[in-house]
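Asks: Can you keep this structure in mind? I'll have questions shortly.
The values are calculated or read from the model by the stated rules, or taken from the named source; none is laboratory data. Just so it is clear, the structure is predicted and the values come from calculations on it, not from any experiment. As a convention, Cβ positions derive from the backbone with ideal geometry for all residues, glycine included, and neighbour counts pool all protein chains shown.
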């Protein structure tokens, strides 16, 4: 076993009903997502009674569970000199403004040119290291933004910071505000979208309410501006952080995000004669408690130029039609 960075032990208490190991640990260790726990279990870093088991293993009162977080394996992902717009950095974390088109972490088809490649190069410059909890392919990543989504992202440089930030995301104490340009517009100026979603049963690359594993999801919205009946500019306040949540929720109320062909089809790619260059979604505000100083930090980033250009074009088109 590699040199251990952290080790935690649990004893299942008397009277506790049998439950899956990953569910048990998700309740005891709020700093880890269940996906991260499942990966640790499958890699043999979590044992029950000294035995390697599966995530579905049922734990019972008296079971002795050992959780270890190993030091990251040697990174095989190459550091790359990719420009980063860093808004804040200290010994524990950094906050950046992600541009459109930048994939966050390596995966099949994107083993280079990602944010992780850029972060590794940044760390080589003497800026410290990245947390190990996300594994060798996702070092430092507490959350992520889709390739075409722009905006604020926080990265953990230590395991302590990672645990704290992950706990805040899981507890929904993070302040998050997004802006989007959407097809048509919500019927009301403000509202809530409550729709449980999960991986789609027919298309495993997408998410929807048509799923065998629905997870409670909540998004609040406010319409900032309407461009006739063609499109709207909205603010979004996610109450949960499910994969593709905002994209799925907006599709569900008939207002898919402009440029999001996956959830909106061809109709959102050219609107009112205006070509949409990408998914028009921007993570504008991110606020959280610093994991060490306990200071409340809030960061914001204005709309990127391409979204401003599309917004202005839509506004001009609407004004011309109404005059």
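Asks: Scan region 104-113 residue by residue and report those that are within 26 Å of residue 291 (Cα to Cα) and surrounded by 20 or more Cβ atoms within 10 Å (Cβ to Cβ).
Replies: 104
Asks: Quick check on this structure: which one of 85, 95, 116, 104 is modelled with pLDDT of 95 or more and within 18 Å of the chain's Cα centre (by Cα)? Break it down stepwise before answering.
Replies: Values: 85 fails: within 18 Å of the chain's Cα centre (by Cα); 116 fails: modelled with pLDDT of 95 or more; 104 fails: modelled with pLDDT of 95 or more.
When all the criteria are applied, what remains is 95.
Asks: Sort out which residues of region 271-287 are part of a strand (DSSP E or B) and touching a strand residue (DSSP E or B) at 6+ places or on another chain (Cβ under 6 Å), and write them in order of number.
Replies: 271, 281, 282, 283, 284, 285, 286, 287
Asks: Still on this model: Could you look through region 3-15, keep only residues that are exposed (fewer than 14 other Cβ atoms within 10 Å of the Cβ) and in a loop (DSSP other than H, G, I, E, B), and pick out the one that is modelled with the lowest pLDDT?
Replies: First pass over region 3-15, keeping only residues exposed (fewer than 14 other Cβ atoms within 10 Å of the Cβ): 3-4, 7-9, 11, 13-15.
From what is left, the residues that are in a loop (DSSP other than H, G, I, E, B) are 3, 13-15.
Details: 3: 45, 13: 90, 14: 86, 15: 82.
So the residue we want is 3.
Asks: Here is a further query. Filter region 275-301 down to the residues that are in contact (Cβ under 8 Å) with a residue 12 or more places away in the chain and more than 16 Å from residue 148 (Cα to Cα) and list them by number. Working first, answer last.
Replies: Taking region 275-301 and keeping what is in contact (Cβ under 8 Å) with a residue 12 or more places away in the chain, we get 276-292, 297-301.
Hits for region 275-301 are 285, 286, 287, 288, 289, 290, 291, 292, 297, 298, 299, 300.
Asks: If you don't mind, there's one more thing I want to ask. Report whether or not residue 97 is outside the structural domain of residue 243 (by TED's automatic domain parsing), out of contact with any strand residue (DSSP E or B) (no Cβ under 8 Å at 6 or more places or on another chain) and either over 27 Å from residue 208 (Cβ atoms) or surrounded by fewer than 22 Cβ atoms within 10 Å (Cβ to Cβ) (or both).
Replies: Working: outside the structural domain of residue 243 (by TED's automatic domain parsing): yes; out of contact with any strand residue (DSSP E or B) (no Cβ under 8 Å at 6 or more places or on another chain): no; either over 27 Å from residue 208 (Cβ atoms) or surrounded by fewer than 22 Cβ atoms within 10 Å (Cβ to Cβ) (or both): yes.
No.
A quick yes/no check of all residues on (1) surrounded by 17 or more Cβ atoms within 10 Å (Cβ to Cβ); (2) at pLDDT 95 or above; (3) touching a strand residue (DSSP E or B) at 6+ places or on another chain (Cβ under 8 Å):
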site	(1), (2), (3)
214	no, no, yes
217	yes, yes, yes
225	no, yes, yes
252	yes, yes, yes
257	yes, yes, yes
267	no, yes, yes
291	yes, yes, yes
